[in-house]
1. If we count every other residue with Cβ under 12 angstrom of S72's Cβ, Lys/Arg +1 and Asp/Glu -1, where does the sum land?
2. Classify segment 127-276 as rounded, prolate or oblate, taking a ≥ b ≥ c as the square roots of the eigenvalues of its Cα gyration tensor: rounded when a/c is under 1.5, otherwise prolate if a/b is larger than b/c and oblate if not.
3. Hey, what do the phi angles of segment 193-203 turn into as Karplus ³J(HN,Hα) couplings, whole Hz, using 6.51/-1.76/1.60 and θ = phi - 60°, x for Gly and Pro?
4. Tell me the carbon and sulfur percent of the accessible area for the chain, rounded to whole percent, probe radius 1.4 Å.
5. Please find, in a Gaussian network model of the chain (springs between Cα atoms separated by less than 10 Å), the residue of E198, E58, E38 whose mean-square fluctuation is greatest.
6. Tell me whether segment 114-153 comes out rounded, prolate or oblate; compute the Cα gyration tensor, take square roots of the eigenvalues as a ≥ b ≥ c, and use a/c under 1.5 as the rounded threshold.
7. If each residue of separation counts as 0.36 nm, what is the full-extension length gain between K245 and D264 once their alpha-carbon separation is subtracted?
8. Taking a probe of 1.4 Å, how large is the accessible area per residue of segment 178-252, in Å²?
Amino acid sequence: AKSREGNAFEYFSKKFGEAVKREFRVKTALQQADYHQEFIMNYQPIINVETNHVTGVEALIRWESPTLGGVSPGEFIPIAEKYGYIHSIGNWVLRQVCTEMLALTQKREAAFTVSINVSVQQLESDTCVENIKAILAETTFPAAHLILEVTEETSISNSTIVRQSINDLVKLGIRVSIDDFGTGYSSLEKLHRLSVHELKIDQSFVQDIENTTGIVEAIIAMGKSLSLQLVAEGVETQEQFEFLKQTKCDYVQGYFFSKPLPLDAFEKYLNQSQQS
Ligand code: C2E
Ligand code: CA
Ligand code: CA
Ligand code: CA
């Protein structure tokens, strides 16, 4: 028994040591990163369930580090948040997306929305609203076409500065969406008081739809009762799509329609889907 415990301890301490080293490497590479060389934005279409038209897009960052190779945002964004790099990365993302999406947004007659993920640390900064306002002015991107995605946890934050930032952004005409909805602990009462416009049903529910139909129906009913738009993300199959259509979910997004694409491929996707 003793030697087994010893092995388990060695095993976990080795794993822990590896994780610490990896985090340090990612942090160092982020610190030295040349954003314009190493980051690009990918764009995933968001489809209106009723019309089958692409009516929006979510921007997702991609990083190709010269020392580490491709690193997923699921890994590096939390590290950027922890070490304070999220402010400069977040500003780069906003400026890049507003610049790349401006022409496309203006070209399309119907209101086309561009969704960008923002971290809680960005909203906690007292220059957050001024920053975003300045980037919109600089790029001339219209606030009315911008949706900022915040996680459910962020949206119900007890921090007055976070709540103030969200309210001020909404006053600028920007819409706010609650990402990963259903994974947190927001109550109907809390949601009612928030000035948000949209709920994104977490992909874990969509992908396990055989076992979560009740939950998804309840989220959709609740969202509708609060006059919120509903988006289901992570839609991978026809069956999932059919269920969401029946349940009157407003928008869908996922590999079943398209993976997140580089700008040129996204533009091609848009042109092709317009013809059909
Ligand atoms: P998220 O905002 O919840 O984004 C959804 C994730 O699901 C994305 O992963 C997307 O590529 C992936 N996805 C989309 N459709 C499907 C599908 O049908 N099946 C499956 N299995 N996955 C699908 P990604 O791009 O790796 O991003 C991971 C997370 O990193 C995002 O989760 C978001 O929290 C964060 N993130 C990405 N870009 C940014 C950014 O520019 N700023 C900030 N602050 N966070 C970002
Ligand atoms: Ca998101
Ligand atoms: Ca999500
Ligand atoms: Ca997420």
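1. Computed value for this residue: -1.
2. It is oblate, given that a/c is not under 1.5 and a/b is not larger than b/c.
3. Couplings: 7, 7, 9, 8, 10, 8, 10, 9, 5, 4, 5 Hz.
4. Working: 7510 of 14460 Å².
Carbon and sulfur: 52 percent of the exposed surface of the chain.
5. E38
6. Oblate.
7. 3.9 nm
8. 49 Å²
The values are calculated or read from the model by the stated rules, or taken from the named source; none is laboratory data. This structure is a prediction, so every number in the text was calculated from the model and none was measured. Here the Cβ is made from the backbone with ideal geometry for all residues, glycine too, and neighbour counts use every protein chain on show. The area values use the complete protein model at the heavy-atom level, side chains included, leaving out ligands, DNA and RNA. Shrake-Rupley method; radii C 1.70, N 1.55, O 1.52, S 1.80 Å.
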